[in-house]
């Protein structure tokens, strides 16, 4: 049942991404921009033939192959669903959705359509799919850090309790 829901959510998010990009092409491709919040955020059409911040520009084939391989790995992880938390599964759904949205652009157009531009800081123009990928990556990193700390505390408490029980046993035996 989870896989069915995941596929529906992925389809909806990819559909939303493609709709937003379609609207960006329809209303912004001629060089216009739309200010959402003055000096904070605007929508501006950009063709991104590279990756993050325009890196690897004009290497669409390599980026597409790399993206497809990463997507295949994420889809495999999601499909196998081996005792993974719901939280991690949600993160995988977000990451897969964003990845598919950008791969569609790369295959169909040879570039990714970007349109979200923060104007309060000098930052790259990005899109909804990029938001999905970035949010899921940060959530996964946060989850892994949380899980690491939780395990470290559990191990520390285990040894602390083991030391107390050994000391109690030694006291009960009359040894110290």
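The values are calculated or read from the model by the stated rules, or taken from the named source; none is laboratory data. Keep in mind that this is a model prediction, so the values were computed, not measured. Ideal geometry is used to build each Cβ from the backbone, glycine not excepted, and the neighbour counts take in all protein chains shown.
Side notes on the structure shown:
- Screening residue 84 with (1) closer than 22 Å to residue 124 by Cβ; (2) touching a helix residue (DSSP H, G or I) at 6+ places or on another chain (Cβ under 8 Å); (3) at pLDDT below 95; (4) not in a helix (DSSP H, G or I) gives one miss only, at (1).
- Residue 106 being without any contact (Cβ under 8 Å) to a residue 12 or more places away in the chain, within 21 Å of the chain's Cα centre (by Cα) and surrounded by 13 or more Cβ atoms within 10 Å (Cβ to Cβ): no
- Options 7, 36: the member that is modelled with pLDDT of 95 or more and over 30 Å from residue 143 (Cβ atoms): 36
- Check on residue 66, crowded, with 18+ Cβ neighbours inside 10 Å and either assigned to a helix (DSSP H, G or I) or in contact with a strand residue (DSSP E or B) (Cβ under 9 Å, 6 or more places away or on another chain) (or both): no
- For residue 50, the conditions (1) assigned to a loop (DSSP other than H, G, I, E, B); (2) touching a residue at least 24 places away in the same chain (Cβ under 8 Å); (3) in contact with a strand residue (DSSP E or B) (Cβ under 9 Å, 6 or more places away or on another chain) are fulfilled apart from (2).
- Count - residues of the range 95-150 that are in contact with a helix residue (DSSP H, G or I) (Cβ under 9 Å, 6 or more places away or on another chain) and assigned to a strand (DSSP E or B): 6
- Unique match (being in contact with a strand residue (DSSP E or B) (Cβ under 7 Å, 6 or more places away or on another chain) and touching a residue at least 60 places away in the same chain (Cβ under 8 Å)) among 115, 128, 120: 115
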